[in-house]
Amino acid sequence: MTIHVKIPLLLLVWVFALSCPLRAQQVIPLYDGEIPNSRHFDNLEVTTRDDGGNVIIRDISFPTLTLFLPPGNTATGAAVIICPGGGYYVNAYKHEGTDVAEEFLKRGVAAFVLKYRIPDERWMPQTAIGPLQDAERAMVIVRTRAKEWNIDTSKIGIMGFSAGGHLASTLGTHYNDVLIDNPGKLSLRPAFMVLVYPMTTYDTAVNHRRGEANQPDKLLGKNADAALRLAYSNDKLVTPATPPTMLVQASDDKLSPLNSVVFYTALLRNHVKCEMHLYQGGGHGFGMINKTTKDSWMERCFNWMEGNGWLTRRR
């Protein structure tokens with residue numbers, strides 16, 4: 001009897017393992033040696049789950065990159081660096097990070113979830129540049145190892161949610177501001193950006209409500225002056241060279257509904273290829289799945305990428 005019970009259980013475990021979503025191949029430290037713009041401090045990082053089952057990582061001072069690499073026979077050559085949201089206070093690592101990466105993996109797109117440093121004066125002398133340094137370093141790593149990972153260097157984009165959308169749009173508008181070692185002088189410019197309910201500006205006329213989009217002190221410091229706020233108002237820094245961009249936004253978002261609109265308008269004024277999907281409902285922080293609609297913004301994202309040639313497989 002014991003044998004008859006154990007065999008089906010083992011079989012069930014094996015079947016379950018095969019049916020599970022594909023997981024990250026590897027997690028690597030973002031920096032090989034000393035972390036730039038960093039002072040010695042004990043690692044206080046902690047990972048928790050909120051009431052909705054979302055994985056939240058706090059007090060990040062040691063950044064990493066989590067790799068999701070498609071098999072060679074399915075790889076399109078495209079890649080995306082994903083910046084989870086969290087108001088620059090935390091990283092919403094799963095529903096705005098690894099879950100999204102797994103969807104890209106299914107479509108043959110290499111995905112890299114960036115666990116970027118939380119700007120905090122305890123371990124970061126200059127809070128304003130810390131997350132951008134991490135995004136730049138992530139781009140250098142992916143470009144440097146592109147051949148190894150079967151990636152086309154002309155197809156490396158960046159995606160961000162909420163404050164991660166601010167980080168992504170910061171790289172997309174500040175890519176000439178090199179804040180890390182880049183001996184190979186590799187381009188830091190993303191090929192494209194996908195910004196999901198992003199924060200894009202520190203303009204108080206846009207962010208007139210209390211909340212994530214109206215708290216510049218975490219990134220910029222407690223006494224940020226007008227010049228510093230302007231420097232990180234990415235809607236003001238769009239040029240014709242800004243990467244093609246897709247924006248996803250809910251109209252009833254109480255934190256940052258106009259951030260997408262002003263950024264989209266700036267893209268239009270500069271004749272940058274862009275697309276925006278503005279949903280009636282969904283609020284803020286819905287991740288991949290907006291429960292107020294049957295529409296899938298991820299499908300629209302893949303359609304947009306296909307239309308721009310980033311999903312065309314190599315021959």
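Quick note: the coordinates plus some simple rules give every number you see, no bench work behind them. Fair warning: this is a prediction, and the values are worked out from it, not measured in the lab. Cβ sites come from the backbone with ideal geometry, for glycine too, and all protein chains shown count toward neighbours.
The table below lists the values:
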{"item": "Sum of side-chain charges, residue 281 neighbourhood, beta-carbon under 14 Å (Lys, Arg +1; Asp, Glu -1)", "result": "0"}
{"item": "Computed over region 21-307: relative contact order in percent, which uses C-alpha pairs under 8 Å that are six or more apart", "result": "15 percent"}
{"item": "Potential extension, residue 153-residue 222 segment - 0.36 nm per residue separation minus Cα distance", "result": "21.0 nm"}
{"item": "Other-chain or far-sequence residues with amide H under 5 Å of residue 87's (modelled H)", "result": "163, 164"}
{"item": "CD proxy at 222 nm, helix term only [per DSSP H run n ≥ 4: -39500 (n - 2.57); per residue of the chain; nearest 500]", "result": "-8500 deg cm²/dmol"}
{"item": "Pairs from 254/294; 155/273; 115/294 whose Cα-Cα separation, in the structure shown, is over 26 Å", "result": "115/294"}
{"item": "Positive minus negative residues near residue 135 (Lys, Arg vs Asp, Glu; Cβ under 14 Å)", "result": "+2"}
{"item": "³J(HN,Hα), Karplus 6.51/-1.76/1.60, whole Hz, each residue of region 72-82, x for Gly, Pro", "result": "x, 6, 10, 5, 8, x, 7, 8, 9, 8, 10"}
{"item": "Label-point gap, in nm, between residue 185 and residue 291 - each point 7 angstrom along Cα→Cβ", "result": "5.2 nm"}
{"item": "Normalised contact order of region 103-233, rounded percent, pairs of Cα under 8 Å and 6 or more residues apart", "result": "24 percent"}
{"item": "Local net charge near residue 83, Cβ-Cβ under 10 Å (Lys/Arg +1, Asp/Glu -1)", "result": "-1"}
{"item": "Point-to-point label distance, residue 205-residue 313, nm (Cα→Cβ direction, 7 Å offset)", "result": "5.0 nm"}
